[in-house]
Amino acid sequence: MNIEPRMPYNFADLEPAMSRDTLVFHFLRHQRVCYDRMVALSRGTEFETLALEELVRATERNPAHHTLYRHAAEVWNHDLFWHSMRPRGGGAPSGLMAQHIVSRFGSYERFTREFRDAGSAHFGSGWLWLVWRAGTLEIVTTSNAGTPLVRGDTALLAVDLWEHAYYLDHQNRRAAYVNTFLEELVSWEDANRALASLSAARDLRVPPRVRAAAELPLRRHRQ
Ligand SMILES: [Fe+2]
């Protein structure tokens, strides 16, 4: 059976960027509730012994099990979200991620602008992602419990866009929340590790920049 979710830091470790209360409620009242419901719904079914990622993929394909899918996907999404942040985080990445961001977006500043805009433009609850798709980085959003895990993408960074993720700290100001995530919370360590794994599995050289950043078209953000 799947291992219970765990936070990679203490609840107060992200303060002042993210309050202890936000993390306590978020972890105990949302992710843990999803986990408990996932365990209850999968008990006695063919999904009971599957690892979390396999469970998400298997139930997504089966409309009869979409309630289980939604809860399992939320457990997985939150796990990546916790690991997309760290105490005293924030700022530009280094290593492979830095190279690919410049190659894809022209500059880190342009990436942050597009990332913030995508989070603000997303309607309703959901998730903001940086994913590896078809040999390059993409910014995407998903609605509700939607997850890149079932789309063949490799999720590198996750930001929870449900109001429970930011309302205590930022009220309805989602753009301020995403900005705080980028400037004070983001951790690139797991993303760089994931890119290194992809690199080991296939040729993942950084493509040369073809056009200047100002010439790049604005990306459409998919749901
Ligand atoms: Fe959440």
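What follows draws every value from the coordinates through simple rules; no lab data is involved. From a predicted model like this one, the values you see are computed outputs, not experimental measurements. A quick note on method: Cβ atoms are made from the backbone with ideal geometry, for glycine too, and the neighbour counts reach across all protein chains shown.
What the table shows:
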{"item": "At 0.692 mPa s and 37 °C, Stokes D of the chain from Kirkwood alpha-carbon radius, µm² per second", "result": "181 µm²/s"}
{"item": "Given charges at Cβ of Lys, Arg, Asp, Glu: the chain dipole, positive-most of ALA58, THR112, LEU168", "result": "THR112"}
{"item": "Relative contact order computed over the range 20-83 (Cα-Cα under 8 Å; 6+ residues apart), in percent", "result": "38 percent"}
{"item": "J(HN,Hα) series, the range 83-95, from Karplus relation 6.51 cos²θ - 1.76 cosθ + 1.60, nearest Hz, glycine and proline x", "result": "7, 8, 10, 7, x, 6, x, x, x, 6, x, 10, x"}
{"item": "Added length on full extension, which subtracts the Cα-Cα distance from 0.36 nm per residue, ASN10 to HIS164", "result": "53.6 nm"}
{"item": "The chain, relative contact order in percent, only Cα pairs under 8 angstrom and at least six apart counted", "result": "24 percent"}
{"item": "Simple label model, 7 Å out from Cα along Cβ direction - ARG133 to ALA121, nm", "result": "1.2 nm"}
{"item": "Ellipticity estimate at 222 nm from DSSP helix runs (n ≥ 4, -39,500 (n - 2.57)) divided over the chain, nearest 500", "result": "-12500 deg cm²/dmol"}
{"item": "Label-to-label distance, nm, for residues given as ARG173 and THR67 (7 Å Cα→Cβ offset)", "result": "3.9 nm"}
{"item": "Cα centre as origin, Lys/Arg/Asp/Glu Cβ charges: the chain dipole, Debye", "result": "620 debye"}
{"item": "Within-14-Å neighbourhood charge of PHE27 [Cβ basis; K, R +1; D, E -1]", "result": "-3"}
